[in-house]
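> One structure, pasted below without further comment.
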Amino acid sequence: MLAARLHLGPQRRLELDEVPIPEPGPDHVLIKVEAAGVCLSDVHLIDGTLSPLFLKGDVVTLGHEVAGTVHTLGPGVTTAKVGDRVLLQAGEIRDGATFTRGVDYDGGWAEYSLARVDTLVPIPDDLPFEQACFIPDAVSTPWAAITATADVKPAEPVGVWGVGGLGAHGVQLLRLAGAAPIIAIDPLPAARERALEFGADLAFDSADPDLRAKVFAATGTGLAAAFDFAGVASVREQAIVCLAPLGRLVLVGLTDKPITIAYGTAFSFFQQQLRGHYGSGPEHVTQLVKLQGLKRVDFSRSVSAVVPLSDAAKAVHALESKEGNPIRIVLKP
Ligand SMILES: [Zn+2]
C-alpha cells in the first residue's frame with residue numbers, strides 16, 4: 001500500500017513509500033482510510049520544530065486526523081463490524097502516557113491504518129469522511145480550549161487571535177457556546193472575512209494601532225476570554241492588554257518564544273490569567289460528532305481542498321505557505 005511517511009534520520013523528509021498492509025492484532029482493527037487531514041503539526045514534524053516522544057525507530061506514517069471504514073477485525077474483536085464508518089481518536093493512552101497517532105505510531109496518511117478498538121468513533125451516515133476526519137484535533141482542540149480550559153460562559157465577550165484551521169473552528173464553536181460579542185483578530189483580510197462568515201461579530205486587523213481601543217469600545221469591559229490560536233509572541237502581548245478584569249488568555253497555538261506581560265501590576269491587580277492548552281480528550285470528539293449529527297455545527301466550509309494521497313507533499317507546502325488560506329486540506333488515498 002501507499003503511505004506518506006516521515007523519515008526522521010539526519011535529514012528529515014517526507015516520502016511516499018510502498019509498504020505492506022499491516023495485520024490487526026488483538027483489540028485492533030484495520031481501517032480502510034477514506035480521508036486524512038493535513039495539520040500544522042504535520043508541517044512542524046517535517047520541518048523539525050516538533051518531534052515524536054515515544055516513537056520506536058525513525059520512520060512513521062503521518063496523519064492524526066483520520067476517517068474511514070473498518071476493513072478487517074483483529075482476533076477477538078466484537079465491538080466493531082466490517083464496514084462501520086468511523087473516525088479515529090488522535091491518540092491513545094498506553095501505560096499512562098498519551099501516544100499520538102501519526103507521531104508516536106503509524107497514522108492515516110496511507111491506504112490502510114491500524115486502530116485500537118477504543119479509539120474508534122462511529123460517525124453518522126450523512127457525515128462525509130472529508131468533514132469527519134479533522135474533528136479530532138482541528139475541531140476538538142478549540143472545543144476543549146473553549147469548553148474546558150477557558151470554560152466560556154454564554155454572553156461573555158471573547159477574542160480570537162489567528163483565524164486559520166483552529167481559529168476558524170474556534171469562532172464557530174464560540175458562537176455555539178453563546179459567547180458574545182465574538183471578536184476575531186487576524187492580519188489577513190481573507191481570514192477576517194471568513195471569521196465574519198463563520199459567526200464573529202467583529203473582525204479587526206492585528207496591525208491596527210487602535211485595536212485595544214476598538215476592543216474596549218465593542219465590549220465595554222475588555223475580553224472575558226481571549227484565545228491565541230496563532231502561537232505568536234506578539235499576539236499574546238496584544239491579547240493580554242485587551243483582557244477584562246478576571247479575564248483569561250488561553251494559549252493554544254504553540255511557540256517557544258517568551259511571553260511578555262507589559263503591565264504586570266495591572267495584570268495582578270485585575271487578577272487576569274494565562275492558561276496553557278494542548279489537544280483534547282476523547283469526550284470532546286464524541287461530543288462534536290453528536291453536535292454535528294444534531295446539526296448544531298457544520299464543517300462543510302472547512303474542507304478547503306481534497307487531494308490524492310500521492311500529493312501529500314504539495315498539500316504540506318500549500319498549508320505551510322498559506323496558499324489560498326486553507327482551513328483543512330484533506331488527503332484521499
Ligand atoms: Zn492536527
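The values are calculated or read from the model by the stated rules, or taken from the named source; none is laboratory data. Everything numeric here is computed off the predicted structure, so don't read it as measured data. As a convention, Cβ positions derive from the backbone with ideal geometry for all residues, glycine included, and neighbour counts pool all protein chains shown. Ligands, DNA and RNA are excluded from the accessible area calculation, which covers all protein heavy atoms including side chains. Shrake-Rupley method; radii C 1.70, N 1.55, O 1.52, S 1.80 Å.
> Give me a count of the residues in region 128-140 that are open to solvent by 10 Å² or more (accessible area, probe 1.4 Å) and within 14 Å of the ligand (Cβ to nearest atom).
Count: 1.
> To continue, here is another question. Among the residues of region 56-70, is there at least one that is without any contact (Cβ under 8 Å) to a residue 40 or more places away in the chain and either within 20 Å of the chain's Cα centre (by Cα) or part of a loop (DSSP other than H, G, I, E, B) (or both)?
Yes; the residues of region 56-70 include at least one that is without any contact (Cβ under 8 Å) to a residue 40 or more places away in the chain and either within 20 Å of the chain's Cα centre (by Cα) or part of a loop (DSSP other than H, G, I, E, B) (or both).
> Here's something else I'd like to know. Can you tell me how many residues in region 206-258 are open to solvent by 30 Å² or more (accessible area, probe 1.4 Å), assigned to a helix (DSSP H, G or I), among the polar types (S, T, N, Q) and touching a residue at least 40 places away in the same chain (Cβ under 8 Å)?
So the count comes out to 1.
> Just one of the numbered conditions (1) open to solvent by less than 10 Å² (accessible area, probe 1.4 Å); (2) part of a loop (DSSP other than H, G, I, E, B) is not true of Ala191; which one?
The single condition Ala191 does not satisfy is (2).
> Assess whether Gly83 counts as being in contact with a strand residue (DSSP E or B) (Cβ under 9 Å, 6 or more places away or on another chain), touching a residue at least 12 places away in the same chain (Cβ under 8 Å), more than 25 Å from Asp58 (Cβ to Cβ) and open to solvent by 30 Å² or more (accessible area, probe 1.4 Å). Outline the logic, then answer.
Working: in contact with a strand residue (DSSP E or B) (Cβ under 9 Å, 6 or more places away or on another chain): yes; touching a residue at least 12 places away in the same chain (Cβ under 8 Å): yes; more than 25 Å from Asp58 (Cβ to Cβ): yes; open to solvent by 30 Å² or more (accessible area, probe 1.4 Å): yes.
Considered against the rule, which asks whether it is in contact with a strand residue (DSSP E or B) (Cβ under 9 Å, 6 or more places away or on another chain), touching a residue at least 12 places away in the same chain (Cβ under 8 Å), more than 25 Å from Asp58 (Cβ to Cβ) and open to solvent by 30 Å² or more (accessible area, probe 1.4 Å), Gly83 comes out as yes.
> Something else now. Name the single residue, out of those in region 47-72 being buried (at least 18 other Cβ atoms within 10 Å of the Cβ) and of a type in the set (A, V, I, L, M), that is farthest from the ligand (Cβ to nearest atom).
By that ranking, first place goes to Val70.
> Condition test on Gly264, is it under 30 Å from Leu120 (Cβ atoms), among the small types (Gly, Ala, Ser) and open to solvent by 10 Å² or more (accessible area, probe 1.4 Å)?
no
> Return the residues of region 152-165 that are among the hydrophobic types (A, V, I, L, M, F, W, C) and either surrounded by fewer than 19 Cβ atoms within 10 Å (Cβ to Cβ) or within 16 Å of the ligand (Cβ to nearest atom) (or both); say none if nothing qualifies.
Ala155
> Looking only at region 1-22, how many residues end up being within 16 Å of the ligand (Cβ to nearest atom) and open to solvent by less than 30 Å² (accessible area, probe 1.4 Å)?
2
> Cβ-Cβ below 6 Å, separation at least six or inter-chain, first residue in region 23-43 and touching a residue at least 60 places away in the same chain (Cβ under 8 Å) and open to solvent by 10 Å² or more (accessible area, probe 1.4 Å), second more than 9 Å from the ligand (Cβ to nearest atom) and basic (Lys, Arg): which pairs?
From residues that are touching a residue at least 60 places away in the same chain (Cβ under 8 Å) and open to solvent by 10 Å² or more (accessible area, probe 1.4 Å), the pairs are Asp27/Arg116; His28/Arg116.
> While we're here: Looking only at region 307-333, count how many residues are closer than 18 Å to Gly107 by Cβ and either in a loop (DSSP other than H, G, I, E, B) or out of contact with any Phe, Trp or Tyr (no Cβ under 9 Å at 6 or more places or on another chain) (or both).
Looking only at region 307-333, we keep the residues that are closer than 18 Å to Gly107 by Cβ, and these are 307-313, 315-316, 319, 328-333.
Narrowing further to those that are either in a loop (DSSP other than H, G, I, E, B) or out of contact with any Phe, Trp or Tyr (no Cβ under 9 Å at 6 or more places or on another chain) (or both): 307-308, 310-311, 313, 315-316, 319, 329, 333.
Number satisfying all stated conditions: 10.
> For the structure I just gave you, tell me whether Gln172 is of a type outside the set (Val, Ile, Thr) and out of contact with any helix residue (DSSP H, G or I) (no Cβ under 7 Å at 6 or more places or on another chain).
yes
> Follow-up question, since we're still on this one. Can you confirm whether region 280-288 contains a residue that is acidic (Asp, Glu), under 19 Å from Cys39 (Cβ atoms) and free of Cβ contacts under 8 Å to residues at least 40 places away in the same chain?
No: region 280-288 contains no residue that is acidic (Asp, Glu), under 19 Å from Cys39 (Cβ atoms) and free of Cβ contacts under 8 Å to residues at least 40 places away in the same chain.
> Is it the case, given these coordinates, that Gly25 is at positive phi and either in contact with a strand residue (DSSP E or B) (Cβ under 6 Å, 6 or more places away or on another chain) or at pLDDT 95 or above (or both)?
No; evaluated as a whole, the condition is false for this residue.
> Looking at (1) within 15 Å of the ligand (Cβ to nearest atom); (2) open to solvent by 10 Å² or more (accessible area, probe 1.4 Å), which is the only condition Thr149 fails?
All conditions are met except number (1).
> Just the residues that are under 20 Å from the mean Cα position of the chain (by Cα), more than 19 Å from Arg5 (Cβ to Cβ) and open to solvent by 60 Å² or more (accessible area, probe 1.4 Å), please, taken from region 89-118.
Of everything in region 89-118, those that are under 20 Å from the mean Cα position of the chain (by Cα), more than 19 Å from Arg5 (Cβ to Cβ) and open to solvent by 60 Å² or more (accessible area, probe 1.4 Å) turn out to be Ile93, Thr98.
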